[in-house]
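Quick notes on the structure that follows.
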Amino acid sequence: MERGHFLFPRRQAEDRSLHRPRRPRSPPPCLPSSERGPRTRRCRRRRRVDAASALFRKRARELQACSEESLITHYAPGAGHGAGRGAQIRRGGAEQRATLSALWEMARTQKNKATAHHLGLLKARLAKLRRELITPKGGGGGGPGEGFDVAKTGDARIGFVGFPSVGKSTLLSNLAGVYSEVAAYEFTTLTTVPGVIRYKGAKIQLLDLPGIIEGAKDGKGRGRQVIAVARTCNLILIVLDVLKPLGHKKIIENELEGFGIRLNSKPPNIGFKKKDKGGINLTATCPQSELDAETVKSILAEYKIHNADVTLRSDATADDLIDVVEGNRVYIPCIYVLNKIDQISIEELDIIYKVPHCVPISAHHRWNFDDLLEKIWDYLKLVRIYTKPKGQLPDYTSPVVLPYSRTTVEDFCMKIHKNLIKEFKYALVWGLSVKHNPQKVGKDHMLEDEDVIQIVKK
C-alpha cells in the first residue's frame, strides 16, 4: 500500500469526492402567481411588513439621535433657512424655550390615529405660545407706529405686501398716480404710502407697505407694524418677482399666517360657546376624520376651558378648532401679482395664467392692468346701489357702495346717515333683487348689484 493511504485517509477521500461527477438538479417549476398558493403570498406580505418596520425603526433612531440644533433649524416657525430663527430661540427666555420644547415633541411624535389627541394638544400649546410671543408686553399704548397709522378712506382698502424691490412702489405710482420713491436699492419705501383709485364708481384705497423679510412676524425689519396694517385691509396683493415666485410666496404666507392672517380661506364652520358648568359637550353633524372627544378636550384643557359646547358642522382639523378658540384670526382674500413678466417667455406666461389667484403684470410697462383691476373687483365683492330722488331720474354717476356681507336696506340707510333709518317708512326698489319693478320693500330686504332704490320717509 502507498504511504498516503495510512497517513492521510480523510484527505484522500476528499480528493475522490472532488472528481466524482455530480448529479444535475432539475430546476424548480415556474408556476404563475395565481397557482403558488397562499403561503407564498403570505411570506411575501410578511417580508414587506418587516421591511416597513425596519424603515420605521431606522427613522425612529434618526429622530432620537437628532440634536437640538437640527430641530431648531428644521422645525422652528419661519425657518426657511433656519439658522436665524434658531439662534433667536436659543437666545430667548422661557417662552422661546417652551416653544422649542413643543416643536421638539411634535417632531418626535409619529402621526397616526393613536397620537392624534397628543398632537392636537401640542398644536394648541404652540399656538398659545406664539400668541404670547407676538403680543407685546407692557401697558403702554401707542398704535402701529410712526408712518404706519394711515386713516381708512374709501369703500375698500388694499395692501401691497412683498419682499423689497419687487415693484410695489412702481405698481402704486402707475395705478393711482401717486409718487412713491423708486430706486435700484432695497428698502426704498420705509413708511406706508397711500393712494386712491376709482373703479366702476367705487373709491378704493391702495397702501404701499414697506418690504418685509423672513422673520417679520417676530419683529425683524418692523415687520409687525407692516403686518398689523395688512390685517386691516379688505384685500391683500402679494407682489412677487416672476423669476423667483415660489420661495418668496412660501415665506410671505408663513409670516402672515404666523400673525393670524388666513389667506383665501373661510372661517371654519365650528360652533363654540363657553358655559359655567356641565363639562365639554361635543356635537358633530358629519363624520370627523381627525377630531374626537378626547382630542377636543385636550385642546380646550390647554386653554383652561373645561365647560363649553362645541358643534362641528364640517370635517374640521385641530388647527381649525384652535383658530376658533383663539378668536383673533382674520380671513382676507389674496391675489398673487407676478411682476416683471417682460423678462420671461410666452410659454412660461401661459403656464402662469393657469395658476389660481395669480395675475401676471409688468408694472414698469403697465401691461395687463385691466385684468388686475377686474380681478380686484371680483375679489372685493362690492355692491353698487344707485339712488333715485322722487320724481327724478336715477343718479348713475355716484353709487353707494356696500360690502357683500351687508347689503340690506337698513345697511344702505346707515351708510348714508344714521338718522335716516329712524325716519324710514318703506323703500321702492328697481333691479334684480325684486320680482317686479318697482317693488315696495322693508328695511330687511337684501339688495343686489346695480339696484336702484328710493327711500320714502314717515
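The values are calculated or read from the model by the stated rules, or taken from the named source; none is laboratory data. Note that the structure is predicted; figures quoted are calculated from it, not measured. Cβ atoms come from the backbone with ideal geometry, glycine included; neighbour counts cover every protein chain shown. Please note that ligands, DNA and RNA were not included when accessible areas were found on the heavy atoms of the full protein model with its side chains. Shrake-Rupley method; radii C 1.70, N 1.55, O 1.52, S 1.80 Å.
If the condition is being under 16 Å from I204 (Cβ atoms) and among the charged types (D, E, K, R), then the range 372-391 contributes E374, K375, D378, K381, R384.
Which ones in the range 319-331 are open to solvent by 10 Å² or more (accessible area, probe 1.4 Å) and in contact (Cβ under 8 Å) with a residue 60 or more places away in the chain? Break it down stepwise before answering.
Taking the range 319-331 and keeping what is open to solvent by 10 Å² or more (accessible area, probe 1.4 Å), we get 319-320, 323-331.
Scanning the range 319-331 gives D319, D323, V325, E326, N328, R329, V330, Y331.
Filtered by the rule that a residue be touching a strand residue (DSSP E or B) at 6+ places or on another chain (Cβ under 9 Å), closer than 24 Å to I204 by Cβ and exposed (fewer than 12 other Cβ atoms within 10 Å of the Cβ), the range 400-431 gives a lone residue, Y404.
Residues are listed down the side, and each one gets a yes or a no for (1) at pLDDT below 85; (2) among the basic types (K, R); (3) surrounded by 16 or more Cβ atoms within 10 Å (Cβ to Cβ):
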| position | (1), (2), (3) |
| --- | --- |
| G221 | yes, no, yes |
| R224 | yes, yes, yes |
| L235 | no, no, yes |
| I238 | no, no, yes |
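Does at least one position in the range 404-417 carry a residue that is among the charged types (D, E, K, R) and part of a strand (DSSP E or B)? Reasoning before the result, please.
Within the range 404-417, the subset among the charged types (D, E, K, R) is 406, 410-411, 415.
Going one step further and asking which of them are part of a strand (DSSP E or B), we end up with none.
Checking the range 404-417: not a single residue is among the charged types (D, E, K, R) and part of a strand (DSSP E or B).
Can you tell me which of V452, V429, V456, V400 is within 24 Å of N234 (Cβ to Cβ) and either assigned to a strand (DSSP E or B) or small (G, A, S) (or both)?
Details: V452 fails: within 24 Å of N234 (Cβ to Cβ); V429 fails: within 24 Å of N234 (Cβ to Cβ); V456 fails: within 24 Å of N234 (Cβ to Cβ).
Criteria check complete, one pass: V400.
Among the criteria (1) surrounded by 11 or more Cβ atoms within 10 Å (Cβ to Cβ); (2) not in a loop (DSSP other than H, G, I, E, B), the one P268 does not fulfil is (2).
With respect to L338, determine if the residue is under 25 Å from the mean Cα position of the chain (by Cα), in contact (Cβ under 8 Å) with a residue 40 or more places away in the chain and open to solvent by less than 20 Å² (accessible area, probe 1.4 Å). Before the answer, list the steps.
Working: under 25 Å from the mean Cα position of the chain (by Cα): yes; in contact (Cβ under 8 Å) with a residue 40 or more places away in the chain: yes; open to solvent by less than 20 Å² (accessible area, probe 1.4 Å): yes.
Yes.
Tell me yes or no: at least one residue of the range 241-257 is modelled with pLDDT of 90 or more, closer than 24 Å to I352 by Cβ, assigned to a loop (DSSP other than H, G, I, E, B) and open to solvent by 20 Å² or more (accessible area, probe 1.4 Å). There is no residue in the range 241-257 that is modelled with pLDDT of 90 or more, closer than 24 Å to I352 by Cβ, assigned to a loop (DSSP other than H, G, I, E, B) and open to solvent by 20 Å² or more (accessible area, probe 1.4 Å). Restricting the first member to the range 277-291 and to residues that are free of Cβ contacts under 8 Å to residues at least 60 places away in the same chain and over 15 Å from L321 (Cα atoms), and the second to residues that are among the small types (G, A, S) and in a strand (DSSP E or B), no beta-carbon pair is closer than 7 Å while six or more apart or on different chains. If I ask for residues that are at pLDDT 70 or above and more than 20 Å from the chain's Cα centre (by Cα), which ones from the range 116-137 would you list? Listed by number, the residues that qualify are A116, H118, L121. Of the residues screened, E214 is one that is in contact with a His (Cβ under 8 Å, 6 or more places away or on another chain), under 26 Å from K340 (Cβ atoms) and either open to solvent by 20 Å² or more (accessible area, probe 1.4 Å) or modelled with pLDDT under 65 (or both). Listed conditions (1) assigned to a loop (DSSP other than H, G, I, E, B); (2) open to solvent by 50 Å² or more (accessible area, probe 1.4 Å); (3) farther than 29 Å from L380 by Cβ are all met by E347, apart from (1).
Comparison of K418, K388 shows that the only residue that is at pLDDT 90 or above and among the charged types (D, E, K, R) is K388.
Residues that are surrounded by fewer than 18 Cβ atoms within 10 Å (Cβ to Cβ), in a strand (DSSP E or B) and touching a residue at least 60 places away in the same chain (Cβ under 8 Å) do occur in the range 376-389, at least one of them.
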